[in-house]
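The values are calculated or read from the model by the stated rules, or taken from the named source; none is laboratory data. Nothing here was measured: the structure is a model prediction, and the numbers come from that model. Positions of Cβ are backbone-derived with ideal geometry, glycine not excepted, and every protein chain shown enters the neighbour counts.
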């Protein structure tokens with residue numbers, strides 16, 4: 001029988017602890033005001049997670065990490081299972097099994113960690129129900145570290161929101177940013193943010209352009225503020241709201257995508 005309830009009465013931490021301690025197998029559906037997710041477990045351990053019903057699909061993960069372009073993703077048939085697609089990608093040399101494992105694990109952890117901030121919504125746990133055509137994590141992920149990390153991240157998120165409450169403002173570099181940037185070791189995600197910093201782009205637009213959560217963009221921007229690399233441009237007379245339909249304007253970004261290999265693979269997938 002399914003277990004269902006309200007997040008006001010049963011928190012995400014309590015749900016995960018229950019599933020973990022009882023070694024449950026099944027799928028937990030979360031429907032919150034600003035987030036929805038489907039999380040699957042086997043023997044109380046995490047094997048799959050997707051948010052909004054789409055971002056866990058392999059095609060969307062490949063787009064997210066820059067292995068294929070959105071246009072190439074649209075050419076892959078929607079009825080092609082993730083397992084079949086992953087086998088073809090590995091055989092074609094576009095991905096290694098290790099790359100695939102790292103990508104899927106990172107996405108599963110990210111989806112679950114975002115859930116800890118939810119306090120409003122409903123949940124439903126369906127026992128013994130697992131995804132039949134999507135990639136699962138093997139071996140499964142233990143919930144111990146995920147619960148601890150999610151709790152820590154929630155506290156960190158609350159602090160970052162206090163420090164940087166408004167994402168609809170813009171950034172600019174401090175004096176001689178090129179010199180400062182050469183002396184700082186930035187991650188790939190931080191460089192992606194740097195490439196979009198100009199007075200036309202709000203912090204929220206930069207996050208959307210890079211498929212980043214509010215937590216991720218706040219953490220990166222706060223770190224740059226503390227390092228003295230950037231400053232906030234605070235609009236006079238209130239918060240800046242971007243005009244409807246406005247798109248962020250990036251600086252040139254170098255991306256290496258094996259387009260010829262991908263396109264040949266897509267043609268093969270269509271013929272199957």
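Is at least one residue of the stretch 23-42 within 21 Å of the chain's Cα centre (by Cα), in contact (Cβ under 8 Å) with a residue 60 or more places away in the chain, outside any strand (DSSP E or B) and over 20 Å from residue 215 (Cα atoms)? No, the stretch 23-42 contains no residue that is within 21 Å of the chain's Cα centre (by Cα), in contact (Cβ under 8 Å) with a residue 60 or more places away in the chain, outside any strand (DSSP E or B) and over 20 Å from residue 215 (Cα atoms). Candidates are the residues of the stretch 127-163 that are in contact with a strand residue (DSSP E or B) (Cβ under 8 Å, 6 or more places away or on another chain) and under 25 Å from residue 78 (Cα atoms); the one that is surrounded by the most Cβ atoms within 10 Å (Cβ to Cβ) is 135.
Among the residues of the stretch 106-130, which ones are at pLDDT 85 or above and assigned to a loop (DSSP other than H, G, I, E, B)? 116, 120, 128, 129, 130, listed by residue number. Taking the listed residues 80, 91, 67, the one that is over 21 Å from residue 131 (Cβ atoms) and surrounded by 12 or more Cβ atoms within 10 Å (Cβ to Cβ) is 67, with no other qualifying. Note on the stretch 188-272: enclosed helices (runs of 4 or more DSSP H) holding 3 or more residues that are outside the structural domain of residue 174 (by TED's automatic domain parsing) and modelled with pLDDT of 55 or more are 259-271. When 38, 23 are screened for being outside the structural domain of residue 213 (by TED's automatic domain parsing) and in contact with a strand residue (DSSP E or B) (Cβ under 7 Å, 6 or more places away or on another chain), only 38 passes. Say whether the condition of being more than 16 Å from the chain's Cα centre (by Cα), surrounded by 15 or more Cβ atoms within 10 Å (Cβ to Cβ) and closer than 27 Å to residue 213 by Cα is met by at least one residue in the stretch 96-115. Checked the stretch 96-115: no residue is more than 16 Å from the chain's Cα centre (by Cα), surrounded by 15 or more Cβ atoms within 10 Å (Cβ to Cβ) and closer than 27 Å to residue 213 by Cα.
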